[in-house]
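What follows draws every value from the coordinates through simple rules; no lab data is involved. What you see is a predicted model; the values in this text were computed from it and never measured. Note: ideal-geometry Cβ built from the backbone for every residue, glycine included; neighbour counts use all protein chains shown.
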Amino acid sequence: HEDELQELFEATIARHDRLEPRDWMPEGYRRTLVRQIAQHAHSEIIGMQPEGNWIGRAPSLRRKAVLLAKVQDEAGHGLYLYSATETLGVSRDELTEMLIDGRQKYSSIFNYPTLSYADVGTIGWLVDGAAICNQVPLCRTSFGPYGRAMIRVCKEESFHQRQGFELLMTMMRGTEEQQAMVQESVDRFWWPALMMFGPPDADSPNTAQSMAWGIKTHTNDELRQKFVDMTVPQAARLGVTLPDPDLRWNPERGHHDFGQPDWQEFARVVKGHGPCNAQRVAHRRQAWEDGAWVREAATAYAAKQEESA
Ligand code: FAQ
């Protein structure tokens with residue numbers, strides 16, 4: 001019986017069809033999905049902090065409204081993704097506990113500080129830009145709830161990327177001081193943005209199996225290359241320099257050659273020793289603890305409703 005189920009699963013993957021929550025799936029497939037989707041959900045929620053840092057200091061009412069809307073969108077993405085993870089049999093409470101205990105990860109990028117308002121634009125342009133490169137292919141991932149969540153998320157991320165670019169373009173048309181702020185911000189975020197795609201393929205323990213299962217459809221290096229190729233002309237349009245002396249067009253490959261990020265720094269950040277890891281997790285833990293009474297009240301109310309029904 002188990003063999004038949006395994007065959008059915010493999011046939012579904014082979015014809016690029018989707019698995020749904022009630023379908024039989026190997027334990028490793030389920031575990032990999034929980035790991036990746038939960039990590040993705042946590043990134044959206046923790047990712048609200050760096051930009052949220054500037055809501056109270058936005059330079060105009062318009063910028064404040066735009067930033068508020070973007071940060072709220074990220075909360076929405078987190079919620080779709082937690083719901084997708086719940087279809088695999090793990091609750092949002094458990095996932096949050098695992099995040100604040102350090103048993104689950106979130107993207108390395110959100111462990112860097114936001115030091116100027118230009119960072120709001122740079123995050124939109126580069127971080128949402130990298131997220132789009134990574135997530136558009138995930139719309140066709142083999143697990144139905146994850147792929148469907150990605151469709152709406154990608155539409156919103158594209159909009160976020162445009163607003164970041166527009167913010168930076170406005171600053172680049174401004175004073176020399178504003179232009180310098182943009183360049184300084186891009187210098188700080190360029191390498192961490194490249195790290196978002198994960199380790200080089202040769203050091204990526206999960207890629208081969210995740211591709212065989214149709215969870216990932218491209219390798220980390222393929223997506224990193226796509227991001228660089230997409231971003232270089234945009235940087236030229238903005239008038240900023242990307243801080244990589246090895247960055248140049250390679251006509252034979254039809255792609256840009258580029259340098260490697262500091263992978264030791266990446267390893268340190270992922271292990272919890274980046275500039276803001278402790279602060280990000282402490283903030284999330286505090287919010288979780290402060291919200292305990294709301295969860296208790298909602299549970300008590302639901303129980304009472306059930307009793308009287
Ligand atoms: N940070 O074998 P691989 C956003 C871990 S976008 C931290 O290559 P995999 C939008 C990896 O988990 C950001 N850890 O792993 C937004 C694994 O460790 P584990 C979120 C990383 O899974 C914008 C180990 O290294 N997007 O939030 C990172 O096959 C603005 C070995 O790596 C997603 O999560 C990293 N950068 O490939 C929000 C996209 N990279 O778990 C707010 C979905 C790797 O075995 C504001 N995820 N690791 O202990 C993916 O596509 C994949 O999981 C990868 C990693 C590509 C990230």
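Test of understanding: what is the full-extension gain from ARG103 to ALA65, defined as 0.36 nm times their sequence separation minus their Cα-Cα distance? Before the final figure, lay out the partial values.
Details: separation 38, 0.36 × 38 = 13.68 nm, distance 3.50 nm.
In short, 10.2 nm is gained.
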- Note on the structure: Of the candidates SER60, GLN279, PRO145, the farthest towards the positive dipole end of the chain (Lys/Arg Cβ +1, Asp/Glu Cβ -1, centred on the Cα centre) is SER60
- Of the options GLN264, LEU242, THR299, report the single residue whose Cα projects farthest towards the positive end of the charge dipole of the chain (beta-carbon charges: Lys, Arg +1; Asp, Glu -1). LEU242
- Query: How would you rank TYR112, TYR146, going from fewest to most other Cβ atoms within 10 Å of each one's own Cβ?
  - Reply: TYR112, TYR146
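Provide the net charge surrounding LYS216, with neighbours chosen by a C-beta distance below 14 Å and charges set as Lys +1, Arg +1, Asp -1, Glu -1. Working shown, then result.
Working: positive: ARG35, ARG140, ARG224, LYS226; negative: ASP201, ASP221, GLU222.
So the surrounding residues net to +1.
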- Across all directions of projection, what mean area in square nanometres is found for the Cα convex hull of the chain? 19.6 nm²
- Message: If you take every residue apart from THR231 with its C-beta less than 13 Å away from the C-beta of THR231, what net charge results, scoring Lys and Arg +1 and Asp and Glu -1?
- Response: 0
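Tell me, what is the FRET efficiency for ASP187 and VAL294 to the nearest 0.05, using R0 = 41 angstrom and their Cβ-Cβ distance as r?
Numbers: r = 41 Å, r/R0 = 1.01.
Here the calculated transfer efficiency is 0.50.
First check a/c for the range 158-206, with a ≥ b ≥ c the square roots of the eigenvalues of its C-alpha gyration tensor; if it is under 1.5, answer rounded, and if not, answer prolate when a/b is larger than b/c or oblate otherwise. Walk me through the numbers on the way to the answer.
Working: a/c = 6.43, a/b = 2.17, b/c = 2.96.
It is oblate, given that a/c is not under 1.5 and a/b is not larger than b/c.
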- Cross-link list LYS64/LYS304; LYS226/LYS271; LYS155/LYS304; LYS70/LYS216; LYS70/LYS105: which exceed 30 angstrom alpha carbon to alpha carbon? LYS64/LYS304; LYS155/LYS304
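Report the semi-axes of the equivalent ellipsoid for the range 17-115 in whole Å, largest first, where each axis is √(5λ) for an eigenvalue λ of the Cα gyration tensor.
They are 31, 15, 10 Å, listed largest first.
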